[in-house]
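The values are calculated or read from the model by the stated rules, or taken from the named source; none is laboratory data. Note that this is a predicted model, so its numbers are computed, not measured. Please note: Cβ atoms are built from the backbone with ideal geometry, for glycine as well, and neighbour counts cover all protein chains shown.
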Amino acid sequence: MRTTRITITVLFVAVVAMLSLSCGKTEDAGPPITTKVQEGVVTFEKVYDQKGGSTKGGSLRLTSDGGYIVSGVLQPVSKKESAYLLRLDINGNKMWDRWYSQATPLKAKRVVNCDEGGYLIACQAEQTENSNRRKIVLIKVDSEGNYEWENTLQNDGDELCSGFEKTLDGNYIMVGRTTSSDGVRINGFLTKISNRGIILYKKTFHDLGVRDTFGPLVLGDSGFVITAAINITEPVANSDIMVIRTDRDGKVLWHQQIGDSNQDAAPALAAASDGGYYLAGSTMSNSTGNYDVFVAKLANDGDLEWTKSVGGASHDAGYSVAAAADGGCVVSGATRSMGEGILKAYMIKLDKDGTLLWQKAFHAGNRQIGPSVIATPDGGYAIASGARRPHSSEYMTFIIKTDANGNVENSSANRPAVF
């Protein structure tokens, strides 16, 4: 496997902060956007408003009946955050929502479908009322969202979950970041968890300099692929991307470092139809002036095949990537370049060679991003997002379902939503 160096770096949280604070000149960064919706394909843009509080949708999954399950955060007015689940049918109609509370704030980070039915939620919880240390809590619910059991994963320091998937043997794999109790050692981790929420093994990647891990992908041989952020010191202190391939026991089989001296990150990962991998994130390298969406294609052995930067004069970022039926990929994120100064949910489509086919921006409030995108069985795509209510600091959950060209019938894209 050859080693490739390209311009990719810094922690993804910096991109989020810059997007939330910055406003720049508007510029259309790509080809014209088509508007005809494909016949026979369900499309919708819907806001799910929890009166008396805020909800933010994050992780989005398909359910066995073609509907959707969304995890996120509910924050009633003047009360602590609770983990939140929203269940939708195939047309985006709400079937039910549920929230799960503890003595300290609790956020639902990821949700997966369980083989035995129902859902398993990976949540982030504060350790104590007076501590900013966080723990990972697993909550199992039935198909109607009714609570069944929970388990807190033990760690002496601060621990964050950034990815959670079901494995081929009916268990689960999780990635994230763990910090020692003294706050000195920060390591990305990969941990396998039983279907009863018990840790089977836990691996960290300290020897590779990994601070955060993202993904993961579950492969046909029961191994895993993850993407990671690593520290570098030359020519300046910064962060690079690393892609890591492991066996089923978490043993590293190969790793590929991607990076140079500019500020870039790629926390999103998807399996390509040819056996390779798509990465997505944000880049200052080869950008049009600010952060752009970054996409890369790797071969099965980790060799870099191509990279692509997409964006306009203002800030743009990629948060999630999904493989498309035609071999290409679709990336969701946020844009100000197409936002007329407003942060909008953003979707771009690239073919298998990295050519930009189309881009789309969606507007449902004062500020929204698209942190999760999935491909749907009808060839379209769905995005989960949060949207701030007009003239308010509170959020609503915003779900977008498009056809294969990113179109929505009667779409609010590129124009203000009406409330």
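Here is a list: 312, 328. Which entry is touching an Asp or Glu at 6+ places or on another chain (Cβ under 7 Å), modelled with pLDDT of 90 or more and of a type outside the set (Asp, Glu)?
Numbers: 312 fails: modelled with pLDDT of 90 or more.
Matching residue, one of 312, 328: 328.
Taking the stretch 48-86 as the range and being under 22 Å from residue 374 (Cβ atoms) and surrounded by fewer than 19 Cβ atoms within 10 Å (Cβ to Cβ) as the test, the residues that pass are 48, 61, 62, 63, 64, 65, 66, 67.
Taking the stretch 175-196, which residues are touching a residue at least 60 places away in the same chain (Cβ under 8 Å) and either of a type in the set (D, E, K, R) or surrounded by 17 or more Cβ atoms within 10 Å (Cβ to Cβ) (or both)? It would help to see each step written out before you state the result.
Our first condition is that a residue be touching a residue at least 60 places away in the same chain (Cβ under 8 Å); within the stretch 175-196, this holds for 190, 195.
The one that is touching a residue at least 60 places away in the same chain (Cβ under 8 Å) and either of a type in the set (D, E, K, R) or surrounded by 17 or more Cβ atoms within 10 Å (Cβ to Cβ) (or both): 190.
Among the residues making up the stretch 280-303, those that are in a strand (DSSP E or B) and modelled with pLDDT of 95 or more are 297, 298. Return the only residue of 68, 147, 119, 84 being modelled with pLDDT under 95 and either on the phi < 0 side of the Ramachandran plot or not small (Gly, Ala, Ser) (or both). On inspection, the qualifying residue turns out to be 84. Only one of the listed residues (406, 370) is crowded, with 23+ Cβ neighbours inside 10 Å and at pLDDT below 85. That residue is 370. Would it be correct to say that residue 277 is over 18 Å from residue 404 (Cβ atoms) and modelled with pLDDT under 90? The answer is no for residue 277.
Only strands (runs of 3 or more DSSP E) whose full extent lies in the stretch 63-119 are considered here, and the ones with at least 1 residues that are of a type in the set (S, T, N, Q) are 68-76, 82-88, 106-113. Every test in (1) surrounded by 17 or more Cβ atoms within 10 Å (Cβ to Cβ); (2) assigned to a strand (DSSP E or B); (3) not hydrophobic (A, V, I, L, M, F, W, C) is passed by residue 145 save one, and that test is (2).
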